[in-house]
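What follows is a set of notes on a single structure, which appears directly below.
The values are calculated or read from the model by the stated rules, or taken from the named source; none is laboratory data. From a predicted model like this one, the values you see are computed outputs, not experimental measurements. With ideal geometry, Cβ positions are generated from the backbone for all residues, glycine too; neighbour counts draw on all protein chains shown. Protein only, heavy atoms only, side chains kept; ligands, DNA and RNA dropped before computing areas. Shrake-Rupley method; radii C 1.70, N 1.55, O 1.52, S 1.80 Å.
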Amino acid sequence: MLSIIVPTYNEKENIPQLVKRIFKVLDENKIEGELVIVDDNSPDGTAKVAEDLKSSYNIQVIVRKNERGLSSAAIKGMESAKGDVLCVMDADLSHPPEVLPKMLKHIQNEEAELVIGSRHVPGGGIENWTMKRKIVSKCASLIARPVTKVKDPMSGFFMLKREVIEGVELKPKGYKIGLEIIVKGNYEHLVEEPYVFKNRAYGESKLGAKVVKNYLSHALSLYFHKDSSFYQFLKFCAVGGLGIFVDLGVFSLVYYSFFLNAYGQITGTLYSQTISFGAAVTFNYALNKVWTFQDKERRKSKVTKQYFMFVAVALGAWLIRTLIIDTMLTYQDAWSSYKGPLVNLFVSLLSIERFVLLIAIIIVMLVNFFGSKYLVFKREKRIVKPSEN
Ligand code: GDD
Ligand code: MN
């Protein structure tokens, strides 16, 4: 069953239309559904209007007397919902109910477990938005960029399998319960289904300055959620930094204490640095597994394969690093004639070799990170393209 959760605050004029359109769409598409209205005791009597419709439609009306807030209302509605598929949408008809069957299709096809109604994918859009609202929406999306690649992370219109949020601790703070689920939810595939956002006909938006401030602190806290790419990258760099000490330490141990230097400087260093490289890679692998990517896979065969994959990525990255350095040095005359003031400053501060090394290190760090994230510890939430039908 599909449960459609609609938080309301002073929406009495919109409710009859909304209910009619939702159940018409459900009927026409033979979808079994219920509507869960979560009203925060609106002074305009929204709850009463909703209650009166209960006799004709499958509706639950929840009235909260001591709480206010869109996100907490949505969570409350999801908890009380009976369906195995949940949808959250606004009451003001900004989110057209006619899109619901398309969203549900993606879940029924097992194409995705989370579907975001999106204004920013082809076919989606915004009807008559003021410049100010467009800019606010764009900025808000940009701020969410480090935690998700979803094109419309601000969407208040989304559908999910109940499992996606089971056992997940959702913070009802702020307006953006959708973003919270995008970041924290347990799903493998996400689809964005286009829709055209319509302006409300009645009543007014509750989006004010306080909501914006709330959003900023919410987004910032999500930056440090364990699944955010940004936070994982910081951890990955920290692990790499510690790995340097392991490398140096093991090198010193075998070269000086276990007397591999007895083989002479060149050969002794070759042996020692190979051993310390192995130690550092193993250390990095282990720490990235349990801490950076919090990968719980413990089967021995899986771990062995994963470990060799990690080593392969590290060696591949080393090869790329060597190629970059070599190419940049070989063709330095070609690119140095184009370099701007910033590059000139760096080169004069560092020397051209160190500058080239620095570029290579930065690129290879990224290669290493994304290789580890998507090849070695792949458990990523994938955004899939909706299928044509
Ligand atoms: N229960 C409850 N409590 N519901 C609330 C509250 C509250 O405190 N505040 C707002 N709502 C309900 C409204 O009645 C409406 O159904 C829905 O939440 C959205 O509120 P609006 O005031 O219409 O929000 P908006 O149009 O400014 O923002 C919408 O569009 C944004 C995209 O730009 C929302 O969908 C946002 O989530 C979305 O980001
Ligand atoms: Mn609205």
- Work out the charge dipole of the chain with +1 on the Cβ of Lys and Arg and -1 on the Cβ of Asp and Glu about the Cα centre, then indicate which of Leu207, Phe377, Val250 is farthest towards its positive end. Val250
- In the structure shown, do any of Lys76/Lys198; Lys54/Lys210; Lys76/Lys300; Lys82/Lys132; Lys149/Lys289; Lys132/Lys235 have a Cα-Cα gap over 31 Å, and if so which? Lys54/Lys210; Lys76/Lys300; Lys82/Lys132; Lys132/Lys235
- Straight distance only, please: which aspartates and glutamates reach the Cα of Lys206 with their own Cα at less than 15 Å, same-chain residues fewer than 8 apart left out? Glu11, Asp39, Asp40, Asp44, Asp90, Asp92
- With springs only between Cα atoms under 10 Å apart, run a GNM on the chain and tell me which of Ser118, Ser72, Ser272 wobbles the most. Ser272
- For the chain, what is the largest minus smallest coordinate of the Cα atoms on each principal axis, given in angstrom and ordered from greatest to least? 91, 52, 44
- Using DSSP, restrict attention to beta bridges with both residues in the chain and report what percent are antiparallel, rounded to the nearest 5. 20
- Message: Can you find, among Phe236, Tyr57, His189, the residue sitting farthest towards the positive end of the charge dipole of the chain, where Lys and Arg contribute +1 and Asp and Glu -1 at Cβ?
- Response: Phe236
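Using the crude model of +1 on Lys and Arg Cβ and -1 on Asp and Glu Cβ, and no other charge, please compute the dipole size for the range 2-223 relative to its Cα centre, in debye to 20.
Using Cβ point charges on Lys, Arg, Asp and Glu, the range 2-223 gives about 940 debye.
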- Message: With every protein chain kept in place and ligands, DNA and RNA left out, what is the accessible area per residue of the chain? Probe 1.4 Å, answer in Å².
- Response: 54
- Item | Dipole moment magnitude, nearest 20 debye, the range 232-389 about Cα centre, only Lys, Arg, Asp, Glu C-beta charged | 960
- Identify, among Ala112, Gln294, Ser272, the residue whose Cα sits farthest towards the positive end of the charge dipole of the chain, taking +1 on the Cβ of Lys and Arg and -1 on the Cβ of Asp and Glu, with the dipole about the Cα centre. Ser272
- Near Lys378, which aspartates and glutamates are there with a Cα under 15 Å away, not counting those fewer than 8 places off in the same chain? Glu188, Asp227, Asp295, Glu297
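Using just the helices of the chain, give the 222 nm mean residue ellipticity in deg cm²/dmol: DSSP H runs with n ≥ 4 each add -39,500 (n - 2.57), and the total is spread over all residues, rounded to 500.
About -16000 deg cm²/dmol.
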- Per residue, the convex hull volume that the Cα atoms of the range 229-378 enclose (Å³): 144
- Query: Bin by bin, in steps of 10 Å, what percent of the Cα pairs in the range 28-162 do you find, going until the bin that has the longest distance?
  - Reply: 10, 36, 35, 18, 1
- Query: When the dipole is taken about the Cα centre of the chain, and only Lys, Arg (+1) and Asp, Glu (-1) are charged at their Cβ, what size is it in debye, to the nearest 20?
  - Reply: 560
- Inter-centroid distance (Cα atoms) of the range 239-287 relative to the range 198-227, Å: 50
- Identify which of Val99, Val313, Val254 has the largest mean-square fluctuation in a Gaussian network model of the chain, with springs joining Cα atoms closer than 10 Å. Val254
